[in-house]
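Structure first, commentary second.
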Amino acid sequence: MTDPNKEPLVSIITPCFNGASFVRRFLDSVLDQTYSNIEFIFVNDGSTDDTERIVFSYQEKFSSKGIRFIYIFQENKGPAGALNQGLEIFTGEYLTWPDSDDVLHPDNISKKVSFLEKNKDCGMVLCKVRVFNEKNMKQIRSLQRIPPIDGPDDLFHDLIEEKNACLACGGYMVRTSAFLLANPEKTIYASRGGQNWQMLLPIAYRFTCGYIDEFLYDYMIREESHSHSAKSLEDHLKRAEEHEDILKTVISSMDMDEKERNNCIAIIDRKYARKRFWLAANFRDHQRMQMYYDILREHYPVTGRDRYHYLKGSCALFFYADMMLRTLLRSLLKIKKALG
């Protein structure tokens with residue numbers, strides 16, 4: 001029988017690959033949590049650097065804080081494959097899966113648990129997220145979802161379309177009972193392209209998400225990380241292919257009405273037909289831009305933004321004018337921010 005006076009156990013599962021240069025920052029943020037009943041599962045995803053030694057140097061610190069520490073090493077399989085190792089064994093009433101290069105604010109866990117304890121109808125909760133450039137530690141932007149004032153909060157479809165939806169993993173905490181209903185096998189599709197759609201979509205389809213209007217998580221942009229390492233058009237197209245595969249695989253595996261599933265697949269097809277065209281236009285690869293544009297026009301209505309991208313990809317003068325305008329707007333935003 002659960003002790004009503006004891007805090008619910010929270011499981012933190014964190015995959016890490018070659019984190020020696022940044023993992024201390026994350027481990028310190030786990031130690032700094034104001035919440036005490038934590039099960040911390042660290043999955044070393046085949047690191048070849050000093051990650052293991054650094055993590056074990058924190059073992060006594062975790063013990064002194066009452067944090068149950070579990071360390072797992074596996075051959076490199078990517079973050080989703082590493083996350084699966086933790087999903088097999090976690091025991092918390094609540095679950096979160098922050099990245100090892102990010103930072104939990106001290107009250108991240110406590111405020112999310114408090115919210116979910118008070119809002120039993122919610123299957124998960126999302127806070128606001130600050131985004132930093134790790135090179136200079138300057139805040140670039142913030143991530144948050146603005147729920148609709150009127151009508152239902154359709155987070156599920158917005159996650160698919162990446163529209164008004166935050167995909168920073170440490171921004172979320174899920175209720176284990178909701179996770180198990182949505183994922184009874186306690187495993188996700190082990191794509192190297194990421195893990196968050198696999199975790200979030202099945203829960204968002206069946207449960208309500210709550211929101212905390214506070215910044216409780218810092219997301220670091222590192223050029224070396226998998227999610228930001230794409231440089232060439234080929235890199236970006238491969239990344240788009242990985243993401244399209246994740247979405248279609250997750251949707252195909254979910255228990256939903258066939259009509260709804262087909263509708264979701266159609267949304268994904270349209271999204272990535274447009275994404276491939278926009279990528280080719282942004283890289284000014286005229287041959288592929290035209291090919292993707294013809295495919296887009298054949299199957300979907302062309303929007304004003306599509307025409308804008310076509311013009312930017314076709315006309316060098318327009319392309320550089322667009323770059324100058326964007327630079328000017330960023331400078332004005334910095335000045336506005338500096339002036340308060």
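The values are calculated or read from the model by the stated rules, or taken from the named source; none is laboratory data. Just so it is clear, the model here is predicted, and its values are computed rather than measured. Virtual Cβ from ideal backbone geometry, glycine too; neighbours counted across all protein chains shown.
In table form, for the structure just shown:
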{"quantity": "Check on GLY194, among the small types (Gly, Ala, Ser) and at positive phi", "calculated": "yes"}
{"quantity": "Where a residue in segment 23-36 is within 19 Å of PHE56 (Cβ to Cβ) and its partner, wherever it lies, is assigned to a helix (DSSP H, G or I) and hydroxyl-bearing (Ser, Thr, Tyr), with Cβ under 7 Å and at least six apart", "calculated": "VAL23/THR51"}
{"quantity": "Options LEU87, LEU31: the member that is under 10 Å from ILE13 (Cα atoms) and either out of contact with any Phe, Trp or Tyr (no Cβ under 6 Å at 6 or more places or on another chain) or not hydrophobic (A, V, I, L, M, F, W, C) (or both)", "calculated": "LEU87"}
{"quantity": "Unique residue being assigned by TED's automatic domain parsing to the domain that holds SER110, of a type in the set (A, V, I, L, M) and touching a strand residue (DSSP E or B) at 6+ places or on another chain (Cβ under 6 Å) when the list is ILE188, ILE221", "calculated": "ILE221"}
{"quantity": "Among residues of segment 126-157, those that are among the polar types (S, T, N, Q) and under 13 Å from the mean Cα position of the chain (by Cα), counted", "calculated": "1"}
{"quantity": "Exclusive hit being touching a Cys at 6+ places or on another chain (Cβ under 9 Å) and assigned by TED's automatic domain parsing to the domain that holds TYR219, set ASP99, ASP107, ASP50", "calculated": "ASP99"}
{"quantity": "The one condition in (1) touching a residue at least 24 places away in the same chain (Cβ under 8 Å); (2) under 23 Å from ILE267 (Cβ atoms); (3) small (Gly, Ala, Ser) that GLY151 fails to fulfil", "calculated": "(1)"}
{"quantity": "Filter result for ASP99 (assigned to a loop (DSSP other than H, G, I, E, B), of a type in the set (Asp, Glu) and farther than 21 Å from TYR172 by Cα)", "calculated": "no"}
{"quantity": "Only listed residue being free of Cβ contacts under 8 Å to residues at least 60 places away in the same chain and more than 23 Å from SER142 (Cα to Cα), chosen from GLY66, GLY86, GLY92, GLY81", "calculated": "GLY66"}
{"quantity": "Where ASP45 falls short, out of the listed (1) of a type in the set (D, E, K, R); (2) more than 18 Å from PRO98 (Cα to Cα); (3) under 19 Å from the mean Cα position of the chain (by Cα)", "calculated": "(2)"}
{"quantity": "Criterion (closer than 29 Å to MET289 by Cβ and either modelled with pLDDT of 95 or more or not in a helix (DSSP H, G or I) (or both)) met by exactly one of GLU242, GLU214", "calculated": "GLU242"}
{"quantity": "Restricting segment 161-177 to residues that are of a type outside the set (Ser, Thr, Tyr) and surrounded by fewer than 21 Cβ atoms within 10 Å (Cβ to Cβ), the residue that is nearest to the chain's Cα centre (by Cα)", "calculated": "LEU167"}
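For every residue, the table says whether it meets (1) surrounded by fewer than 20 Cβ atoms within 10 Å (Cβ to Cβ); (2) farther than 25 Å from ARG25 by Cβ.
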site	(1), (2)
LEU83	no, no
LEU95	no, no
LEU116	no, yes
LYS120	yes, yes
VAL125	no, no
LYS128	yes, no
VAL131	yes, no
SER142	yes, no
GLY151	yes, yes
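Rundown of residues vs (1) of a type in the set (Asp, Glu); (2) loosely packed, with under 14 Cβ neighbours inside 10 Å; (3) out of contact with any Leu (no Cβ under 7 Å at 6 or more places or on another chain); (4) outside the structural domain of ALA190 (by TED's automatic domain parsing), yes/no style:
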{"site": "ARG239", "(1), (2), (3), (4)": "no, no, yes, yes"}
{"site": "THR249", "(1), (2), (3), (4)": "no, no, yes, yes"}
{"site": "SER253", "(1), (2), (3), (4)": "no, no, yes, yes"}
{"site": "ARG276", "(1), (2), (3), (4)": "no, no, no, yes"}
{"site": "LEU279", "(1), (2), (3), (4)": "no, no, no, yes"}
{"site": "TYR292", "(1), (2), (3), (4)": "no, no, yes, yes"}
{"site": "THR303", "(1), (2), (3), (4)": "no, yes, yes, yes"}
{"site": "LEU317", "(1), (2), (3), (4)": "no, yes, yes, yes"}
{"site": "THR327", "(1), (2), (3), (4)": "no, yes, yes, yes"}
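Yes/no per residue for (1) in contact with a His (Cβ under 8 Å, 6 or more places away or on another chain); (2) of a type in the set (A, V, I, L, M); (3) over 23 Å from HIS243 (Cβ atoms); (4) free of Cβ contacts under 8 Å to residues at least 24 places away in the same chain:
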residue: ASN263; (1), (2), (3), (4): no, no, no, yes
residue: GLN287; (1), (2), (3), (4): no, no, yes, yes
residue: MET291; (1), (2), (3), (4): no, yes, no, yes
residue: VAL302; (1), (2), (3), (4): no, yes, no, yes
residue: SER314; (1), (2), (3), (4): yes, no, yes, no
residue: LEU339; (1), (2), (3), (4): no, yes, yes, yes
